[in-house]
Every structure is written in C-alpha cells, then in structure tokens.
Ligand code: AFD
Ligand code: MN
Ligand code: MN
C-alpha cells in the first residue's frame, strides 16, 4: 500500500482551520518558534525492522495480521509511517533477520520511500539453524576462541551488508554474561570481549561508527559483560575514536538517572546512539512516553544541553532509533505514537530557557531552576509539532489518518490475516 500525497493534503485541509487557531495561540507566547520548527522538521528517527511485527514475551506471542513477510514489506511499512509523519526517514536492520538478498534493489526501494539505512544490528544472542557453534555460554566472551571467532565473523558480515546498503554504523548488543556466581571469570570475560570487539573494530570502514550497547540484566541474571554505561565506556575508550556507547532507555537498573548518564557521555564525546522505548520495570520495550514522559523530557534537555556545548548537530550527530516491542497494539500505530512522543519531548526541551537556567544555577536558586524546566515541560507543544509536520508534507494527525485510510485493513488484504514477521 502507498499513501497518495493528495490524501494527506485533503486530510490537512479538513483540519487546517482548527490547527491554525491552536498553533497561533501557542506560538504567540513563545520566542524563536521558527528555529524550533526547523529543528523538528530536520529531526528523523530510525525505525527498527524488528518492531514492525507483533512482539511477544517468553509466555507467548499473539500475532497480529497483515504483518510484513519480508524485508521489502518492512521497508514498505516504514515508508507508510514516514509518509504520515515525515519524521521516520530511516530503518535499522537486524542481521540475520533481514538479510538483503539484492542490496541494490533494496537500497532503491528504500530511496523510493525517502528512507536511508540507520545502524546495522548484529545478532550473537541466538543460535541460527546453519550455525556451527553455539552461543549458549556467550559469544564474544566465550572461553572457546572458535566461538569468539564465529561471533567476530558474523559482525564483519553485518558490516558488509551495511556497506552495500549505505549504512554507516554497527550496533553491537551482546547478551553475554553469566546466570550463576562462579560461572565466569569477570576479567577474562571482559578481555575476551574486548579482543573480539577489537577485531570487529578493525574491519570498520573509515567513516563508520560502532555503537556498544549495554544492558543490566536479561537473558543473563547474575552478570552481564556489557552491563552498564561504565563498562560500555571502557570498551569504547579502549577501542578508539570510532567506538561509542549506545543508550537504550530500558537497559538500566530501576531508578537510574539516565539524564545524568547521557550528559556525562556527551561530555566525554562518547555518546553515539540512542534506543527509545519506555518501561515500568525493566527492558519492557513499551511505547515511548507512555509511562515516564517527564523523564524523557529531562533526557532530551540534557541531550540538547550536551550537544550544544560541543557544537553538535542534533539531527545528524547521534543515531536516534526506536527499540520497542509491540505485544498488544498494532505495531504501526504504536510506532506512530512513539515518534510523536519523541518529537513532543524534543520540542519541549528546545523551549527551555537555558540562559535563565544557567543564571538560576549560579545563584543556587533551586526553586527557580525547577520552574524553568517545568515551564517548558508543561507547554502544550502538540500544535508546534503538528505545524512542523504540515510544513514537511506530513499529516497533521498521523494516527487519525492511519485509521481513516484503513491502512491495516489494506495491509491485511494484501498480505493476509496470518502473517508473522521475523524478529523477537
Ligand atoms: C535488545 C537490545 C538490542 C537488540 C534488540 C533485539 O536492545 O538493541 O538489537 O533488542 O531485538 O533488547
Ligand atoms: Mn536496544
Ligand atoms: Mn532492549
């Protein structure tokens, strides 16, 4: 299915008057609205190929319908999202779930939808049917050099696929660790992993980045070999200038101060990529902004503060991606909601009066500091975000149009009721 531009225009026409009224009301009390709008138009979020189908838990999976059956259809799905919001112009692939058999035609298809390829993701957390050695006891940390070698070679394969598609980064998330005390020598596990990552790093093209993603626990429950930002930063520093830490919002222990983590990683020039999602307990992979929208705003506030301090380009200098799993909602609707939540938090954070905040911090005026942050957070920026969409040719209300156009019904007609997408 393709969404014709005139359908978006027709929809926007219908809601134009009401939007104009709301936008002008909000804009009248803000300064530099034009600057904010341009930043919103430029900001693009990568959609993970593994989130286009219904996910599951270890207790079961309730598959949806009309899910993408192959990589082409996954690209088509991200194309639909991008047509509706013009803010999701990239796709992040997972190998071996999405091996492109013909890279140039896949690249051309993505370009037709206005999409580029964000970070490539390797997978050494599962065994594949044709694989010689098992990752049951880890991959890059493994006591057996042959297993480590296999994991390294897989990552080098992933880089090759990425080069063919025009991607420029590799995300390595390892499930390596241990589930019982005594199972691992922590130091040896770290050193084996470092050595393996070094071999992958050596295969990176000059213009590529490597993102080392950490996660506190699961699937291992006693130790994780890249368990937190400290460990990830150790690897990234030892690897070299092309290696960075990737922060996934769901990969911390409860109550971690993620905004402080991103601030310090940016200070060190070592924050490279971001995985958005939301959670109540652990790696819940819920819709962005559905549980803790204020935390998301605070994180964006620190991202902007830290990026501006280093003169970084918000839109292009970090890899912005969603990493979520949609177990009970329509994945496309869920992704539209996530992108909207990201844009809202970004817009709110752009409104923070940074000069006033610095002044209040210097005066130790704690109450004023809180007022300044919450003034921005409590601004209803939805009309601003909608105006940015209008200007970039997207729908004023993407989710509503998705439903009015009966996108899922159309996809079911094309693909069938019983389809299961590859992924977790
Ligand atoms: C995991 C990690 C990692 C990985 C993905 C697999 O966050 O990003 O690529 O999910 O689906 O939890
Ligand atoms: Mn992730
Ligand atoms: Mn995760």
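Taken together, the values in this text are just the output of simple stated rules run on the coordinates, not laboratory data. As the structure is a prediction and not an experimental result, all values here were calculated from the model. Please note: Cβ atoms are built from the backbone with ideal geometry, for glycine as well, and neighbour counts cover all protein chains shown.
Okay, here's what the table says:
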quantity	calculated
Cα-based Kirkwood hydrodynamic radius, segment 316-366, one decimal, Å	13.9 Å
Segments 338-346, 354-362 sorted - mean Cβ within 10 Å per residue, highest first	338-346, 354-362
Relative contact order (percent, whole number), segment 5-415, Cα cutoff 8 Å, 6+ residue spacing	20 percent
For the chain, share of DSSP beta bridges that run antiparallel, in % to the nearest 5	15 percent
Cα Rg, Dmax, segment 223-287, angstrom units	11.9, 35
By average C-beta atoms within 10 angstrom, highest first, the peptides 308-317, 173-182	173-182, 308-317
Segment 283-424 shape via C-alpha gyration tensor axes, a/c threshold 1.5	prolate
Isotropically averaged projected area of the chain, using the convex hull of Cα atoms (one quarter of hull area), nm²	20.9 nm²
Fraction of the pair-distance distribution of segment 286-334 above 18 Å, Cα-Cα pairs, percent	46 percent
With eigenvalues of the C-alpha gyration tensor scaled by 5 and rooted, segment 34-192, Å	33, 18, 17
Debye log10 I(q)/I(0) for segment 147-294, one point scatterer per Cα, at q = 0.13, 0.16 Å⁻¹	-0.61, -0.91
Burial ordering of 397, 69, 187, fewest other beta-carbon atoms within 10 Å first	187, 69, 397
Average silhouette area of segment 261-356, convex hull of alpha-carbon atoms, in square nanometres	6.4 nm²
Mean-position separation - Cα centroids, segment 116-146 and segment 211-239, in angstrom	16 Å
